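Let me begin by presenting the structure, written as C-alpha cells, before commenting on it.
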Amino acid sequence: MFLINGQFPGPLIECNKGDTLVINVKNELDEDTTIHSHGMFQRGTPWYDGVPGQTQCGIPSKSSFTYKFKVEQSGTYWYHSHSRTQYIEGIVGPLIIHEPNDPYKNECDEEIIVLLQDWYHTDAKTLLATFLSPDSQGNEPLPDNGLINGHNSFNCSSAPEGSDCVSNAPLAQFKFVKGKKYKLRIINASAFAAFIFSIDGHSMDVVEVEGMITKRHTVHRLPINVAQRYSVIVTADQPIDQYFMRAEMETACFPTQSDVLNPLIKAVVTYDTYKCSTDQAPSSTAWSDDVENCVDLKASDLKPYKDQKIPNPTKTFTLEIDFRPDENGVVLAYINNSSYKIDTDNPTIIKVYNGVKQFAPDQNVFMIEKNEIVDIVLINTDGGEHPFHFHGHTFWCLGSGESGTQPDYNSLNTKDPIQRDTATVPANGWIVIRFVSNNAGVWGFHCHIEWHVASGLVAQFVTQPDQIKRLNPPDEWKTLCPNSFNSNNSSN
Ligand code: C2O
C-alpha cells in the first residue's frame, strides 16, 4: 500500500482558521499524484484544488510540488489523492481547522479524531480493472473489512491461503476519563461504504456538519456516507467499564451482500480507571437500530447554530444520473447522458486560461459566467444512492426525496437548512441544493464513491471564467503542464 511520511492513515494536518496552509508534497510513488484538501474553498487559488484533469496536471513521479492556500473556514475535513484509486491505496489523512470562536469550546475537554474507512484486501488497480470490464455488470467491488484510525482485526480463516494474516491485530483504543467531555471528529474516508457510527452506552450530540456549526442534536447511531464528516460531543458519563465503538457498514445499500467478510468494524473505548485482565473484550451491547438505511442523517433534524438568510436562486441546473452499458458492455455512469472522461494532460482550468469557451461533451462542464445563486436539482434514476461532493463550496440542503425522481418543490426548506459539501441523493430519488457562485474556479461535482468517479459520475462547474483569467497561477504550477499552457495567456 501507499504511505504518507511512512504513516497510514496519513499525518494529521491541523491549523487555525485564517492560517495559510503549506503542504509540501514529495512524490516517491512510481506514478503521478495530486493532493486534494476536501472541503476547502481555495478562494483565489483554484489551481491548488488538487484535481487532475480539472485544476492541475499530476505531480510526476519523483518530483515535488507545494500547495499553499489561505484557510477561511473551520471544522472537520480531510485530504486525499485525487488521482486514480490512490486514496483507496492509502493516500489519505485528516485535516482539522480550529475555530477560535467555537461556541462549544467550553463544552469539550479533549478532541478525538475518528477516521473510518472501508478496506480491500485486493489491490485497487486490479479491482478497478475488473469493475471497468463487462464482467462486473457494474457491480462495485465490495470491501473485505473496514478500519477505525487504521486498525481492525480480521478472522484469518477467511483469508486466502498463504496470505500474511494476523488474527489478533489490536483494535483502535480510546481512553475516556469519567466526567470529561470529548469532541469526536468523525470522517468517512471510504471508497464505497457508508457507515452507521455509534458508541455502546453513550449518546452523541452532533455539533458540526462539514464546517457548519449546528445546534445540539442528540443521536445514538450516526449515519455517515463516503466523504462526509460530523463532530459530536460525547460525555463520559457511563459506569467505569469498557465499551465498543462501532462502525457498521450499510450493507443494505450494497448491490450484493454476500462478499463482505467483516461489515462490523469495532474499536474499544476504555475508562481510564477500569481494570481488566488482558484480552478481555467489552461486554457492552449495541444501540438498537433506530435510523433509516442508505440516506443521510435527516437534514431537518439538524439546525444551523446561527440564523441565516437564504437568497433566492437566479439560475437552476438539472442533472440526471443513470448507469448503463456502453457499446463494449461496460457499465458506465452518465450525467445528462454524458459519461465523464478525464482529460489528464489538459485540465479544464488551463483550457479556460487559453480562452476555450466550448468543452467536449464528455467533460460535463456547466458554466456559470457571473455571480449567481444556483440551484442544482439532482435526479437519480439509479437504484443505488450516491454521496455527491461539490468542490470549492458548501451548499444548502434544501430537500431530498426517496420516492420518485420528481422533486417536490413545495417541501423545500428555504428557512433554516444546513450547509455541507457532501450530500446523498437517495436511490431512485432526488436532492435540491443551493449555493452562492462567487468563487472563481473549476469545481468538481461528483459522486465520492471512488469506483463511480472511474465510471464517469463526475461533472465540473466553471465559475466566473473571466475572473479565473485575472488570477495568476504560480510558475511551479504551470510547469506541471508544460505542453498545454499557452504562455500568451499566462501573464495577464
Ligand atoms: Cu474528496 Cu473530488 O473529492
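Miscellaneous remarks
- For the range 404-420, the criterion of being within 16 Å of the ligand (Cβ to nearest atom), buried (at least 21 other Cβ atoms within 10 Å of the Cβ) and outside any loop (DSSP other than H, G, I, E, B) is met by at least one residue.
- Filtering the range 27-53 to residues that are more than 14 Å from the ligand (Cβ to nearest atom), touching a Ser or Thr at 6+ places or on another chain (Cβ under 6 Å) and farther than 17 Å from residue 1 by Cα leaves only 47.
- Subset tally (residues that are under 30 Å from residue 400 (Cα atoms) and at pLDDT 95 or above) for the range 269-294: 3
- For the range 294-352, residues that are touching a residue at least 40 places away in the same chain (Cβ under 8 Å), in a loop (DSSP other than H, G, I, E, B) and farther than 30 Å from residue 216 by Cα total 13.
- Of all residues making up the range 423-472, the number that are surrounded by fewer than 24 Cβ atoms within 10 Å (Cβ to Cβ), of a type in the set (S, T, N, Q) and part of a strand (DSSP E or B): 1
- Conditions (1) exposed (fewer than 13 other Cβ atoms within 10 Å of the Cβ); (2) within 24 Å of residue 102 (Cβ to Cβ); number of the one not met by residue 312: (2)
- Those residues of the range 109-127 which are surrounded by fewer than 18 Cβ atoms within 10 Å (Cβ to Cβ) and not in a strand (DSSP E or B), in sequence order: 109, 121, 122, 123, 125, 126
- Scope the range 347-370; condition more than 16 Å from the ligand (Cβ to nearest atom) and either among the β-branched types (Val, Ile, Thr) or touching a helix residue (DSSP H, G or I) at 6+ places or on another chain (Cβ under 6 Å) (or both); matching residues: 350, 352, 353, 354, 356, 368
- Among all residues of the range 326-334, there is at least one that is crowded, with 21+ Cβ neighbours inside 10 Å, modelled with pLDDT of 95 or more, small (Gly, Ala, Ser) and closer than 30 Å to residue 484 by Cα.
- Residue list for the range 123-140, filter: out of contact with any helix residue (DSSP H, G or I) (no Cβ under 6 Å at 6 or more places or on another chain) and farther than 18 Å from residue 31 by Cβ: 133, 134, 135, 137, 138, 139
- Residue 266 being farther than 30 Å from residue 81 by Cα and in the same structural domain as residue 191 (by TED's automatic domain parsing): no
- Test result for residue 259, modelled with pLDDT under 95, touching a Pro at 6+ places or on another chain (Cβ under 9 Å), of a type in the set (Asp, Glu) and under 26 Å from residue 427 (Cα atoms): yes
- Residue check for residue 373: closer than 18 Å to residue 40 by Cα and away from the ligand (no atom under 16 Å from the Cβ): no
- Residues within the range 1-26 that are assigned to a loop (DSSP other than H, G, I, E, B) and either within 13 Å of the ligand (Cβ to nearest atom) or in contact (Cβ under 8 Å) with a residue 24 or more places away in the chain (or both), tallied: 11
- Figure legend. Inter-residue proximity from the range 376-401: first residues farther than 15 Å from residue 459 by Cβ, second residues within 16 Å of the ligand (Cβ to nearest atom) and of a type in the set (D, E, K, R), beta-carbon distance below 8 Å, spacing 6+ or different chains. Indicated pairs: 394/210; 394/420; 394/421; 397/420.
- A count restricted to the range 359-386 and to residues that are surrounded by fewer than 18 Cβ atoms within 10 Å (Cβ to Cβ) and part of a helix (DSSP H, G or I) stands at 2.
- One residue stands out in the range 67-78 among those that are within 16 Å of the ligand (Cβ to nearest atom) and surrounded by fewer than 22 Cβ atoms within 10 Å (Cβ to Cβ): the one that is farthest from residue 1 (Cα to Cα), namely 73.
- Condition check for residue 33: more than 21 Å from residue 187 (Cα to Cα) and under 20 Å from the mean Cα position of the chain (by Cα): yes
- Tabulated pairs, the range 403-432, first more than 14 Å from residue 381 (Cβ to Cβ), second of a type in the set (Asp, Glu) and within 16 Å of the ligand (Cβ to nearest atom), C-beta under 9 angstrom, 6+ apart or interchain: 418/210; 419/210; 420/210; 421/210; 422/210
- Once the range 79-108 is narrowed to residues that are farther than 30 Å from residue 131 by Cβ and assigned to a strand (DSSP E or B), the residue that is farthest from the ligand (Cβ to nearest atom) is 98.
- Filter result (within 20 Å of the chain's Cα centre (by Cα) and part of a loop (DSSP other than H, G, I, E, B)) within the range 145-168: 149, 150
The values are calculated or read from the model by the stated rules, or taken from the named source; none is laboratory data. In this text the structure is predicted, and so the values were computed from the model without any measurement. Neighbour counts are summed over all protein chains in view; Cβ atoms, including those assigned to glycine, are modelled from backbone coordinates with ideal geometry.
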